[in-house]
1. Using a 7 Å offset from the Cα along the Cα-to-Cβ direction at both residue A:175 and residue A:81, what is the distance between the two label points in nm, to one decimal?
2. Applying 1/(1 + (r/R0)^6) with R0 = 30 Å to the Cβ-Cβ distance of residue B:246 and residue B:465, what FRET efficiency is obtained, to the nearest 0.05?
3. Round to a whole number: what % of the accessible area of the protein assembly as shown belongs to carbon and sulfur, probe 1.4 Å?
4. Taking a 1.4 Å probe, which of B:196, A:325, B:496 shows the most accessible area, and what order do the others take after it?
5. For region B:265-518, what is the accessible area per residue in Å², given a 1.4 Å probe and the full set of protein chains?
6. Of the listed pairs A:232/B:394; B:15/B:81; B:338/B:459; B:231/B:256; B:262/B:397, which have alpha-carbon separations greater than 25 Å here?
7. Quick one: work out the % antiparallel among DSSP beta bridges in the protein assembly as shown, nearest 5.
8. Along the charge dipole of region B:265-518, which of B:265, B:358, B:292 sits closest to the positive end, that is, farthest toward it, with unit charges on the beta carbon of Lys, Arg, Asp and Glu (+1, +1, -1, -1)?
Amino acid sequence: MTPHSRKILKFKQNKRAYWSTVLFAIIFLTTLFAELIANEKPLIIFFQGDIYTPVFTDYPETVFGGEFETIADYKDPYVRELISKNGWAIWPLIEYHYQTINLALKSPAPSPPDTHNILGTDDQGRDVLARLIYGIRISVLFGLSLTVLSSIIGIIAGAIQGYYGGWIDLAFQRFIEIWFSLPTLYMLIILASLVEPNFWWLLGFLLLFSWSSLVGVVRAEFLRTRQLGYVKAAHALGVKDHIIMWRHILPNAVVATVTMLPFILTGSITTLTSLDFLGFGLPPGSPSLGELLAQGKANLQAPWLGLTAFFTLAILLSLLIFIFEGIRDALDPHMKGDINAGN
Amino acid sequence: MLEIKNLTVKFGSFKAVKNVSFSIKKGQVVGIVGESGSGKTVTALSILQLHHPKSVSYGTKSAISFNDKNILKMRDADIRKIRGKKISFIFQEPMTSLNPLHKIEKQIAEALSIHKNIQHHTAKKEIRKLFKKVNLNPDKMSAYPHQLSGGQRQRVMIAMALACDPDLLIADEPTTALDVTTAKTILELLEKLRKEQGLSILMISHDLNLIRKHCHDIHVMKDGEIVESGKCDSVFKNPKHDYTKHLLNSLPTTLKDRFNPKKETILESKKLTVKFPIKKSLFGRPRTHLTAVKDVSLKSYSGQTVGIVGESGSGKTTLAMSLLQLQKYEGTVSFMGKVLHKMSDKDLREKRANFQIVFQDPFSSLNPRLSVGEIISEGLKAHNFATDNSHQKKVQKALEDVQLPINFINRYPHELSGGQRQRVAIARAIVLNPKVIILDEPTSALDVSVQIQVLDLLKTLQRDLDLSYILISHDMNVIQAMSHYVMVMKDGKIVEEAPRAKLFKNPKSPYTKTLLEAV
């Protein structure tokens with residue numbers, strides 16, 4: 001058995017991690033196709049012998065025999081009637097986009113869950129489930145990108161410090177100490193007053209202050225490993241520095257890195273959530289878990305808002321922790337329960 | 001006094017010790033000799049029941065009787081009364097068997113308070129006596145373990161073992177981690193204690209010379225079984241079992257070639273000095289230095305070996321690292337007439353193929369994540385020697401040269417034995433066609449019988465490829481077996497240098513003489 005297939009097998013043996021991965025994959029893949037699941041436009045319209053796909057293309061109302069040259073509003077009962085007279089339409093599972101305001105509410109917004117809005121609506125009459133699906137997508141994507149980018153920077157920075165040591169290490173360490181004692185939140189508030197923060201602004205800005213978490217462990221691992229015999233041997237062979245770092249030292253730092261990753265990932269997701277909660281995050285109107293939490297706080301009479309946000313976050317973060325716990329154990333050769341134990 | 005009958009020790013389904021029986025009488029020194037993995041230490045640990053109780057099981061007929069009581073059937077509380085009080089243990093590594101956080105005094109006092117119920121204030125006197133017994137300055141009582149040398153630490157271990165006047169002392173490779181001259185004094189100390197106190201000693205070692213000099217009875221172990229036992233003299237004179245003969249034949253033999261200074265000079269150092277800063281001023285300027293290597297000038301000739309011999313801390317390895325340009329130094333090192341430290345990094349990297357190294361510990365010098373093929377071809381790739389196809393051929397050729405099967409290419413280091421790993425390390429060096437190889441204690445981590453094979457291999461390679469070796473070792477036998485020219489190093493300085501035959505016949509400096517006597 002190759003080491004890799006053994007690691008995969010070991011991961012699968014950890015039932016909790018395995019099922020968490022499956023569940024998370026389902027949630028993440030579903031939300032990736034949010035436009036096809038929760039949208040205010042039909043997926044396919046069959047109208048007078050032609051096929052239309054409103055999700056991907058905009059059609060003016062006149063195409064369906066309406067009066068205006070503007071883009072058709074498929075939620076409008078008038079347009080619906082036009083289409084159903086000469087054809088049919090397939091709607092997504094949830095007939096609301098995250099921005100769609102349900103104008104046909106029976107009670108004032110926020111309205112409680114009913115058959116149309118399974119998780120109710122928020123204080124602007126928008127479907128909570130639709131916003132949730134889009135919100136999870138943006139949170140997870142943000143968390144993953146921030147984690148990947150800050151890990152890359154952190155590993156490179158830690159590797160350089162640990163490998164070369166001496167002055168480089170000393171100077172870099174002092175720089176990190178100064179840089180990361182800057183108050184991130186205030187910097188963000190200043191940023192918010194200069195530009196309108198969107199996904200990329202936030203990602204870039206948080207990246208500036210989040211890459212340090214891996215530096216310590218990677219640096220320590222490099223400091224330790226560069227003394228090992230096979231690293232010296234590689235030096236003596238005339239192997240270039242970056243190859244030595246990549247091939248001989250970095251694999252040793254993987255377990256330590258993976259141990260840290262879930263904290264970075266969950267940290268990234270909660271950072272975005274808390275910024276949104278405070279109102280310094282994504283632009284107004286964006287679907288986000290933090291904004292849903294803030295609404296829940298503002299509307300205590302509508303518990304479905306706060307509860308939805310709470311359970312979503314709790315489940316999402318727990319799943320991620322379970323998954324990484326499984327990965328870490330699978331990578332660690334010293335863990336008990338090794339399937340090769342006794343050989 | 002101690003009698004072991006049919007001892008079988010199992011870990012799960014693996015039998016580490018099979019049907020071992022022997023006995024120790026009062027005042028007797030019994031030696032167990034064997035290579036690593038032969039079950040010597042497992043046997044010794046069984047006597048004090050120091051295995052993890054859940055992982056070990058003993059054979060049904062096994063019995064270890066100490067003063068006519070079976071230790072295997074005792075309760076934990078009773079065994080604890082024997083441990084340390086009646087039977088004491090000295091471990092191989094004096095570094096790791098002392099707690100670095102406590103003063104020596106406190107650690108010895110612990111044994112005293114457990115077994116003799118002596119409280120701290122009266123313990124001091126007792127410890128002072130013990131220190132005198134083991135020839136240790138009583139002032140060292142309040143030192144921490146790191147402030148002592150290896151020999152001093154081993155003396156502390158012996159003092160601890162003797163603290164409760166035991167009847168039996170088990171010494172598991174008591175001198176393996178020590179320098180030859182220190183080892184000699186430790187063994188003399190044990191001999192003295194045996195005579196004075198009527199102590200019995202069970203000596204475990206892989207070192208035949210040591211066993212021969214100090215033991216009355218000897219048991220040769222192989223794969224968990226005793227293959228031969230008897231009086232020490234008769235076993236050494238008339239070995240009966242093949243394995244014993246094999247062990248006795250594995251002492252390295254002296255090299256026959258003579259030193260020839262007319263050959264081409266390959267690597268040369270002039271006035272090489274290495275200093276390590278100890279104290280630094282506020283601005284990082286070193287204030288005081290430790291001089292690890294001082295004014296060493298050496299020449300290596302093609303097809304010949306320069307042996308550098310010295311004890312630990314003498315600066316041998318630092319010298320090797322400087323020759324390889326992996327350590328900053330003063331002075332010059334030149335390779336075939338070209339001065340190395342003036343070269344740019346890039347030029348130096350290209351030159352590196354010409355001077356290679358084989359490290360002492362084959363367990364740490366091979367990356368556990370790479371296969372043997374990848375390890376050997378790494379240098380080829382770094383120097384862009386040829387296409388992938390001819391890489392493969394060169395790797396295969398190198399494996400043949402070091403007498404390993406070609407299908408080893410896809411194995412990983414953990415699947416290989418120590419000797420095989422060292423062969424891979426040698427293959428990694430020779431695949432680049434170097435002119436000179438630095439051998440840093442190439443065989444000291446290996447068993448004696450493997451050691452001789454690796455030395456033979458190195459000799460063959462030297463003859464076939466006209467290699468120049470710089471051999472670093474603490475072992476006079478190895479130096480004698482390999483070197484054409486010998487340099488003796490002490491405290492960073494060369495105290496004596498001469499062609500091999502001359503040095504071994506007429507050592508001039510007193511230090512060389514003690515080294516030769518200690519063998």
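1. Reported label-point gap for residue A:175 and residue A:81 is 6.9 nm.
2. After rounding, the FRET efficiency stands at 0.55.
3. On the protein assembly as shown, the fraction of accessible area on carbon and sulfur atoms equals 56 percent.
4. Result of the area sort, largest leading: B:196, A:325, B:496.
5. Heavy-atom accessible area per residue stands at 43 Å².
6. Too far apart for the 25 Å limit: B:15/B:81; B:338/B:459; B:231/B:256; B:262/B:397.
7. About 60 percent, rounded to the nearest 5.
8. It is B:292, whose Cα lies furthest towards the positive end.
The values are calculated or read from the model by the stated rules, or taken from the named source; none is laboratory data. All values derive from a computational prediction rather than experimental measurement. All Cβ positions, glycine included, derive from the backbone under ideal geometry; neighbour counts span all protein chains shown. These accessible areas exclude ligands, DNA and RNA; they are computed on the full protein's heavy atoms, side chains included. Shrake-Rupley method; radii C 1.70, N 1.55, O 1.52, S 1.80 Å.
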